[in-house]
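Reviewing the structure listed below.
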Amino acid sequence: MIPGRMIPESVLAALKLACQESPHDHDMRLHLADLLLQDGQAAAALEQAKVVLSGEPDHVQALRLAAWAADEAGETQTAARYHRLHDALTGVIQGAAPSTADTPPKAVLAGPHADSPFEDEPLVDSAADQRWDLQTPRVTLADVAGMDEVKRRLELALLAPLSNPELLKLFGGTLRGGLLLYGPPGCGKTFMARAVAGELSARFINVGLSDVLDMYLGQSERNLSEVFALARRKAPCVLFLDEVDALGRRRSQMRHSAANVVGQLLAELDGAKASNEGVFVLAATNSPWDVDPALRRPGRFDRTLLVLPPDLEARRHLLELQVRSRPVEGLDLPALASRTEGFSGADIGHLVASATELAMEDAIKQGKVRPIRQVDFLRALKDVKPSTRAWFETARNAAQFANDNGEYDDLLSYLRGKSSGR
Ligand SMILES: Nc1ncnc2c1ncn2[C@@H]1O[C@H](COP(=O)(O)OP(=O)(O)OP(=O)(O)O)[C@@H](O)[C@H]1O
Ligand SMILES: [Mg+2]
């Protein structure tokens with residue numbers, strides 16, 4: 001929010017009208033509230049935030065906006081109430097119990113993890129814990145477009161055993177090794193990992209390995225042990241290690257031997273010092289061929305899952321998901337899907353945002369609101385280009401070179417299919 005900025009009346013009028021037409025579009029209403037607040041109309045902003053909160057009382061962004069707006073409007077007590085709710089939900093309040101909204105149900109993991117120590121969880125996260133990106137995702141696999149093969153394999157490797165503890169016992173009791181998601185940027189690796197956590201009603205910790213690595217002696221190891229400790233305390237928890245290739249690449253750049261860090265990671269994965277029950281580690285990378293070989297040995301990240309750009313049907317589905325909450329008219333989604341070959345999920349997000357901007361721009365120019373139309377998408381398509389091609393160019397060589405034991409067969413066969421025009 002940039003307070004004190006004049007917002008053109010036409011923009012506010014356009015947004016108000018759009019909110020009337022799509023009363024359940026909370027993102028748009030909060031955008032309006034934000035602009036009203038910037039424009040100095042705090043009371044009106046508060047009203048809009050309240051509308052969102054009446055439908056979604058735990059909407060964190062709406063609570064934050066409501067608190068700011070009430071502050072600005074001089075409603076100190078109301079502001080304090082919204083601040084308290086916001087802080088309790090985001091877990092930053094000192095000395096207060098975490099809000100129930102932030103505590104996942106024991107649900108699916110009742111089987112093998114029935115004694116998971118929720119009750120022993122400290123009431124307040126320590127300052128060290130707050131350094132990490134701990135989330136309680138609401139998305140589930142149903143929110144992931146396409147990726148049927150990835151879903152099937154995750155189901156087999158992780159979800160089915162967890163929801164059928166008897167089956168797990170029958171086959172030896174523990175889940176073996178981690179899964180390594182790989183593929184071009186923006187195609188949903190992080191999104192998928194978050195959805196797995198949502199599916200398990202588990203917490204989610206998103207760790208970029210480059211954030212863990214520290215050039216000072218011993219600090220990387222301490223960071224790793226801290227984040228694993230947090231994951232164990234928050235179990236059930238999906239610990240998502242992103243950019244695991246950073247460990248391989250940094251070997252030569254780090255001041256002390258990266259072998260210590262790899263060793264520490266392996267020890268944490270093996271649960272050498274503490275039980276990893278209820279902690280599910282997923283890893284991701286854009287370049288699996290750069291991942292330290294020690295991490296790829298059996299029982300570690302030995303199984304790769306290729307996350308490809310969405311196919312035609314998945315692109316149609318993604319477009320549908322993205323435009324669902326926006327005012328649109330006469331869109332031919334199948335036609336748009338067929339014109340977005342090679343687009344990642346993130347590219348499709350950019351396309352929809354860009355078409356929306358064009359429609360807004362036109363609405364402001366004409367002085368009246370109009371929905372987003374096919375023509376806006378066609379214009380946006382001139383600017384938004386698929387971002388995955390460069391990755392496939394590099395990946396082709398790397399995969400051929402590193403495919404001794406066939407681990408990149410699926411990627412190479414996808415590339416062969418592409419070049420033969422299938
Ligand atoms: N299959 C999908 N279904 C729904 N949304 C998707 C899908 N793929 C991508 N997205 C959307 O695109 C965004 C970017 O995807 P995400 O960050 O998961 O990609 P990534 O593979 O982790 O990329 P990177 O390699 O850059 O980390 C997501 O936040 C999500 O909104
Ligand atoms: Mg990612």
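The values are calculated or read from the model by the stated rules, or taken from the named source; none is laboratory data. Everything numeric here is computed off the predicted structure, so don't read it as measured data. Here the Cβ positions follow ideal geometry from the backbone for every residue, glycine too, while neighbour counts run over all protein chains shown. Keep in mind that these areas ignore ligands, DNA and RNA; they rest on the heavy atoms of the full protein, side chains included. Shrake-Rupley method; radii C 1.70, N 1.55, O 1.52, S 1.80 Å.
Details
- Unique residue being in a helix (DSSP H, G or I), of a type in the set (Asp, Glu) and within 16 Å of ligand 2 (Cβ to nearest atom) when the list is 362, 347: 347
- Number of the exception - residue 95 against (1) at pLDDT below 50; (2) open to solvent by 50 Å² or more (accessible area, probe 1.4 Å); (3) at negative phi: (3)
- Scanning the stretch 287-310 for residues that are among the hydrophobic types (A, V, I, L, M, F, W, C) and either free of Cβ contacts under 8 Å to residues at least 40 places away in the same chain or open to solvent by less than 40 Å² (accessible area, probe 1.4 Å) (or both) turns up 291, 294, 295, 301, 305, 306, 307.
- Note on the stretch 47-92: residues that are part of a helix (DSSP H, G or I), farther than 15 Å from residue 33 by Cβ and open to solvent by 50 Å² or more (accessible area, probe 1.4 Å) total 7.
- Hits in the stretch 187-203 - residues which are farther than 21 Å from residue 390 by Cα, of a type in the set (A, V, I, L, M, F, W, C) and within 16 Å of ligand 2 (Cβ to nearest atom): 191, 192, 193, 195, 196, 197
- Residues (assigned to a loop (DSSP other than H, G, I, E, B) and buried (at least 17 other Cβ atoms within 10 Å of the Cβ)) located in the stretch 397-422: 407, 408
- Failed item in (1) in contact with a Leu (Cβ under 6 Å, 6 or more places away or on another chain); (2) at pLDDT 95 or above; (3) not in a helix (DSSP H, G or I), with residue 305 passing the rest: (2)
- Test set (1) buried (at least 23 other Cβ atoms within 10 Å of the Cβ); (2) part of a helix (DSSP H, G or I); (3) assigned by TED's automatic domain parsing to the domain that holds residue 267 - residue 280 fails condition number: (2)
- In the stretch 150-269, counting only helices (runs of 4 or more DSSP H) that sit wholly within it, the ones holding 1 or more residues that are within 16 Å of ligand 1 (Cβ to nearest atom), modelled with pLDDT of 90 or more and within 17 Å of the chain's Cα centre (by Cα) span 189-199.
- Put simply, of 28, 6 the only residue that is open to solvent by 80 Å² or more (accessible area, probe 1.4 Å) and in contact (Cβ under 8 Å) with a residue 24 or more places away in the chain is 6.
- Taking residues in the stretch 215-231 that are in contact (Cβ under 8 Å) with a residue 60 or more places away in the chain, and partners anywhere that are acidic (Asp, Glu), the pairs with Cβ atoms closer than 6 Å and at least 6 places apart or on different chains are 230/129.
This table checks each residue for (1) assigned by TED's automatic domain parsing to the domain that holds residue 339; (2) open to solvent by less than 20 Å² (accessible area, probe 1.4 Å).
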{"position": "355", "(1), (2)": "yes, yes"}
{"position": "358", "(1), (2)": "yes, no"}
{"position": "361", "(1), (2)": "yes, no"}
{"position": "364", "(1), (2)": "yes, no"}
{"position": "367", "(1), (2)": "yes, no"}
{"position": "372", "(1), (2)": "yes, yes"}
{"position": "377", "(1), (2)": "yes, yes"}
{"position": "395", "(1), (2)": "no, yes"}
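- Of the residues making up the stretch 318-344, those that are open to solvent by less than 10 Å² (accessible area, probe 1.4 Å), outside any helix (DSSP H, G or I) and not aromatic (Phe, Trp, Tyr) are 340, 344.
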